[in-house]
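One structure is given below, encoded as structure tokens.
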Amino acid sequence: MSHDTDENKVRYRRTQSVTRAEEITKNESNQRKSQPDKPCHRPRDSLFSWSSGFDNFTGLVNWGFLLLTMGGFRLVLENFIKYGIRVDPVQWFVVLTGRNEGQGYPSLLLVLYSIVPIVICLMVEKGLASDVLMESAGMVVHVVNILVLVLIPMVVIHVKGQAFSLVGAMTVCFIYCILFLKMWSYVQVNLWCRTRHKQRRNRSGRRQSISVAQLQNEREHYGDGNGVASGAVKDKVPQLVHYPDNLHLKDLFYFLLAPTLCYELNFPRTSRIRKRFLIKRILEVVIGVHIVMGLFQQWMIPSVKNSLVPFSNMDLTKTTERLLKLAIPNHLMWLCFFYLTFHSFLNLMGELLHFSDRNFYSDWWNANNIDTFWRTWNMPVHKWCVRHLYIPVVEMGYSKISASVFVFFISAFFHEYLVSVPLKTFKIWAFMGMMAQIPLSFVSRFMEKQYGARCGNIVVWASIILGQPLAIMMYYHDYVITHYNEVLV
């Protein structure tokens with residue numbers, strides 16, 4: 001008892017000492033204010049010091065934005081003075097429609113042919129669900145079908161390369177990549193459902209006692225015996241689709257058109273289409289495409305062409321100057337492409353298809369390290385990687401680091417696929433750029449821990465602004481050397 005009393009006294013004295021210190025500081029401040037010299041100083045930190053707690057830099061942000069606008073406007077004027085008006089909507093419309101692909105429209109034919117592996121995938125799933133196919137045989141057919149789906153554009157564009165336009169080949173490769181990811185998800189999810197379905201069917205073969213909870217669920221579902229369902233409110237709730245009732249073309253094609261890469265038997269749906277929202281997204285897509293193509297014709301093409309000779313001669317000074325000059329239009333195009341794709345187009349498709357999960361991106365611009373950026377800027381791909389690559393690899397017994405490296409490897413392959421196949425220039429620059437994100441993530445996290453979140457965010461922005469134009473210069477140089485055999489002096 002006395003021991004508790006002593007502890008209380010010690011605690012009381014410590015509390016009293018803190019209060020006493022605050023009281024002394026307060027009394028000192030009051031005494032200074034009462035002096036006839038009218039004191040105007042007090043303990044304060046400078047605003048730019050981290051300890052000041054000041055965070056309102058709105059004026060500096062406006063100042064920086066104004067300087068960037070003025071600098072960008074000057075570059076626009078310089079571009080117009082040097083090259084005139086290069087924007088030609090008719091020219092890029094002809095390229096997009098494939099009229100320069102010659103007879104047969106090979107890009108359109110390849111897009112239409114993609115229906116064949118889709119139907120094969122559905123037929124195999126139906127065979128597995130009805131036990132017509134053995135599980136091992138069905139999985140072999142699925143693997144071959146999905147791998148052939150990726151290889152078809154590589155082979156056809158390589159053999160018939162002169163018949164394809166660059167835009168047509170890129171469109172084909174992009175569509176086939178999306179189909180590869182979607183079909184992978186479709187097969188894997190149906191495998192999960194089929195495994196659970198067989199387990200329940202095996203358990204139902206043995207006679208089991210019915211629990212009270214099961215009886216209550218049956219009464220809620222079928223009624224109370226008088227023809228009146230006890231859960232009348234639940235009649236308005238749409239019934240969920242269960243495996244294998246999802247195995248039909250309507251369900252599969254909805255998934256292929258939906259703005260997601262991860263398959264589910266029951267997607268969250270909206271009740272109506274918002275017409276005003278839909279019209280806004282349509283206008284953004286139409287206007288955004290014109291802006292991106294205008295920037296590409298007017299600003300990107302001259303800058304890329306002018307970088308060829310300095311890059312080929314390994315003139316470090318001129319190459320750096322061209323890299324910095326190309327970085328601005330490329331970054332503007334990338335930002336426009338991001339908004340056009342992840343906000344305008346995907347919201348447009350989601351609205352038309354009543355798809356209610358619109359989490360297509362997060363606040364990647366606030367990312368303090370490379371890992372956070374890749375987790376937030378492209379949410380459909382991130383969800384697919386986590387659900388169908390990262391978690392299954394970890395569940396197989398591999399470490400999280402190994403799973404992360406495997407995810408980056410697959411991502412690097414498809415980045416290279418989307419660039420090298422349309423250009424018919426098989427290099428590894430995009431692949432190496434993606435794999436370089438692994439050591440860069442360590443650098444960004446080190447900067448974040450040692451120098452704060454702001455430094456980590458600067459590293460992320462620098463990698464985005466400078467990495468992309470460097471890759472463009474490298475691929476353009478290799479493309480010209482490979483296809484035109486030009487002697488650069």
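Within the group Lys383, Lys427, Lys449, which residue is at pLDDT 90 or above, basic (Lys, Arg) and open to solvent by 60 Å² or more (accessible area, probe 1.4 Å)?
Lys383
Given (1) part of a helix (DSSP H, G or I); (2) at pLDDT 90 or above; (3) touching a Gly at 6+ places or on another chain (Cβ under 8 Å), identify the lone condition not met by Tyr254.
Tyr254 satisfies every listed condition except (3).
Quick one: in the stretch 54-74, which of the residues that are open to solvent by less than 60 Å² (accessible area, probe 1.4 Å) and at pLDDT below 75 is farthest from His331 (Cα to Cα)?
This residue is Phe57.
Of a type in the set (A, V, I, L, M, F, W, C), under 22 Å from the mean Cα position of the chain (by Cα) and closer than 25 Å to Val381 by Cβ: is that true of Leu295 in this structure?
no
Which of the following residues is assigned to a helix (DSSP H, G or I) and modelled with pLDDT under 90: Ser136, Ser185?
Going through Ser136, Ser185 in turn, the sole match is Ser136.
So if I check each of Leu335, Leu348, which one is under 30 Å from Phe267 (Cβ atoms) and open to solvent by 50 Å² or more (accessible area, probe 1.4 Å)?
Exactly one residue qualifies, and that residue is Leu335.
Answer yes or no as to whether Leu283 is more than 25 Å from Ile472 (Cα to Cα) and not aromatic (Phe, Trp, Tyr).
The answer is yes for Leu283.
So His41 fits all but one of (1) part of a loop (DSSP other than H, G, I, E, B); (2) at pLDDT below 70; what number is the exception?
For His41, the exception is condition (2).
Are there any pairs with C-beta distances below 7 angstrom linking a residue in the stretch 153-181 that is over 25 Å from Thr260 (Cα atoms) and hydroxyl-bearing (Ser, Thr, Tyr) to a residue that is in a helix (DSSP H, G or I) and open to solvent by less than 20 Å² (accessible area, probe 1.4 Å), with the two at least 6 apart or on different chains, and if so which?
Close Cβ pairs satisfying both conditions: Ser165/Glu101.
Count, please, the residues in the stretch 153-185 that happen to be closer than 20 Å to Ser411 by Cα and surrounded by 17 or more Cβ atoms within 10 Å (Cβ to Cβ).
Going through the stretch 153-185 one residue at a time, the tally reaches 15.
When both residues are 6+ apart or on different chains and their Cβ atoms are under 6 Å apart, which pairs have a first residue that lies in the stretch 386-399 and is of a type in the set (Lys, Arg), and a second that is surrounded by 14 or more Cβ atoms within 10 Å (Cβ to Cβ)?
Between residues of the stretch 386-399 that are of a type in the set (Lys, Arg) and residues that are surrounded by 14 or more Cβ atoms within 10 Å (Cβ to Cβ), the close pairs are Arg387/Cys262.
The values are calculated or read from the model by the stated rules, or taken from the named source; none is laboratory data. What you are looking at is a predicted structure, and each value in this text was computed from that prediction instead of being measured. Neighbour counts are summed over all protein chains in view; Cβ atoms, including those assigned to glycine, are modelled from backbone coordinates with ideal geometry. We work out accessible area using only protein heavy atoms, side chains counted, and drop any ligands, DNA or RNA first. Shrake-Rupley method; radii C 1.70, N 1.55, O 1.52, S 1.80 Å.
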